[in-house]
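The values are calculated or read from the model by the stated rules, or taken from the named source; none is laboratory data. Predicted model only: the values in this text are computed from it and were never measured. A quick note on method: Cβ atoms are made from the backbone with ideal geometry, for glycine too, and the neighbour counts reach across all protein chains shown. Heavy atoms of the whole protein, side chains included, go into the accessibility calculation; ligands, DNA and RNA do not. Shrake-Rupley method; radii C 1.70, N 1.55, O 1.52, S 1.80 Å.
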Amino acid sequence: MKIVVDDKIPYIRPSLEKMGVDVVYKNGSGIGPDDVRDADALVVRTRTRCDARLLEGSRIRYVATATIGFDHIDVDYLDSKGIAWMNCPGCNAGSVEQYLRSCLLLLEREHGLCLQQTTLGVVGCGHVGSRIVRMARELGMEVLVCDPFLPQEGLVDRAVIESCSDIITYHVPLTREGTHPTFHLCHEGSFGRMRRHPLIINTSRGEVVDNQALLQALQDGLVRDAIIDTWEHEPQISLPLLERVMIGTPHIAGYSADGKVNADNMVIDGLCRFFSLPHPGRVEAPSLPSAFRYTGDPLQLYDPRTDSRALKSHPDWFERLRGDYPLRREHADRFCQ
């Protein structure tokens, strides 16, 4: 049995080697038809488009993406060919929560924002959004929530979010069809309705926010500022927008070691179930360096300004900064006493 795996998926290699299968590691954006023709399974991230162009004529029976999102998977094609597939819902929810918490604390400490007097609008209340709602309320913020796919008790319409929020954050999948498509969910018309000139945060998918319209809204003063982790046209992102935003990071909000390990374990579980393979045991996140001493400040574990400075200094390194992302833990471990 042969599995082709994106070589930027961390921590998973020792477990795959214990499963007694032939594993080939390839750069995700470079995986092509010749690589998968004689493979049985494919393990990817968002950089590999899984569709007829890649899979037609192959013997692939199972596709796993070690990500929450699956807009890079042509689900209709896979279903038509009887190819099973899986994603990893919720795997990096804690990591995105950490990213947002750190950003909110920076707004409070560095920009004088009183969180207890600030209204946060959360668009999308699934695995990630629900954690953001809980975290923000713990910080004393007023929170408005919009999600048309949930029972509407206690939720509000998106127009209320846009007109009554000081900060708006998006936590939705990228969809282009259906009753509530999210492509350019935040667009030129949205900015015109934002009476409080809010700060915009996007950690979902780049195409959820119209980047050109956002840049214009920033220039026109319709939006106070922005924190952007996911961009349109990655890795060829808008340099004027990157220069203008408060924090701009290379699609790494969900890139904690803990989130990656969660995805690894979900992928391994799925492979073992589908192919009746022996389970190699759980993947564990690596420890922080033994010299690390945690003081209790969340920004000590993660400060998004570091990633933002790196990207703003080297925007052409987008893929390198993302692919070679350093160890980041969501919680202090046993070495941090």
Rg to Rh quotient for the chain, alpha carbon positions, Kirkwood Rh: 0.97
Max mean-square fluctuation residue, GNM over the chain, Cα-Cα springs under 10 Å, options A217, A93, A226: A217
Residue separation between Q216 and Y77 times 0.36 nm, minus their alpha-carbon distance, gives in nm 46.3 nm
Note, region 24-31: 3J(HN,Hα) by Karplus (6.51, -1.76, 1.60, θ = phi - 60°), whole Hz, Gly/Pro = x, goes 10, 9, 9, 4, x, 6, x, 5
What is the sum of charges, Lys and Arg at +1 and Asp and Glu at -1, for the other residues whose Cβ falls under 11 Å from the Cβ of T46? +3
Could you name the lysines whose alpha carbon sits less than 27 Å from that of K312, not counting residues in the same chain fewer than 8 places away? K8, K260
Mind checking the dipole of the chain: about its Cα centre, +1 per Lys or Arg Cβ, -1 per Asp or Glu Cβ, Debye to the nearest 20? 600
Added length on full extension, which subtracts the Cα-Cα distance from 0.36 nm per residue, E188 to S29: 54.1 nm
Per-pair calculated FRET efficiency, R0 = 45 Å: C114 and D22 via Cβ, rounded to 0.05: 0.20
Using only the Cα atoms of region 96-243, build the gyration tensor, take square roots of its eigenvalues as a ≥ b ≥ c, and label the shape rounded, prolate or oblate: rounded if a/c is under 1.5, else prolate if a/b is larger than b/c, else oblate. rounded
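Cα gyration tensor of region 123-203, axes a ≥ b ≥ c as square roots of the eigenvalues: rounded (a/c below 1.5), prolate (a/b > b/c) or oblate?
Working: a/c = 1.57, a/b = 1.11, b/c = 1.42.
Since a/c reaches 1.5 but b/c is at least a/b, the shape of region 123-203 is classed as oblate.
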Report the gain in length on full extension from D38 to H331: 0.36 nm times residue separation, minus Cα-Cα distance, nm rounded to one decimal. 101.4 nm
Please work out the FRET efficiency for the pair E243 and E142, using the Cβ-Cβ distance as r and a Förster radius of 30 Å; give the result to the nearest 0.05. 0.40
No solvent, one uniform scatterer per C-alpha: report log10 I(q)/I(0) for region 210-337 via the Debye equation at q = 0.12, 0.19, 0.22 1/Å, two decimals. -0.62, -1.05, -1.19
Taking only C-alpha pairs under 8 Å that are 6+ residues apart, what is the relative contact order of the chain in percent? 16
For region 283-337 and region 26-79, distance of Cα centres in Å: 29
Farthest positive-ward along the chain dipole, Cα basis, beta-carbon charges - from V36, A253, V283: V283
Set the Förster distance to 30 Å, then compute FRET efficiency between F149 and Y11 from the Cβ-Cβ distance, nearest 0.05. 0.40
Could you work out [θ]222 nm for the chain from helices alone, using -39500 (n - 2.57) per DSSP H run of at least four and dividing by all its residues? Round to the nearest 500 deg cm²/dmol. -9500 deg cm²/dmol
Quick one: accessible surface of M19, probe radius 1.4 Å, all protein chains present, in square angstrom to the nearest 10. 10
With DNA, RNA and ligands ignored, accessible area of E108 (1.4 Å probe; Å², nearest 10): 60
Approximate spin-label separation D316-R282, in nm, with each point projected 7 Å along Cα-to-Cβ: 4.5
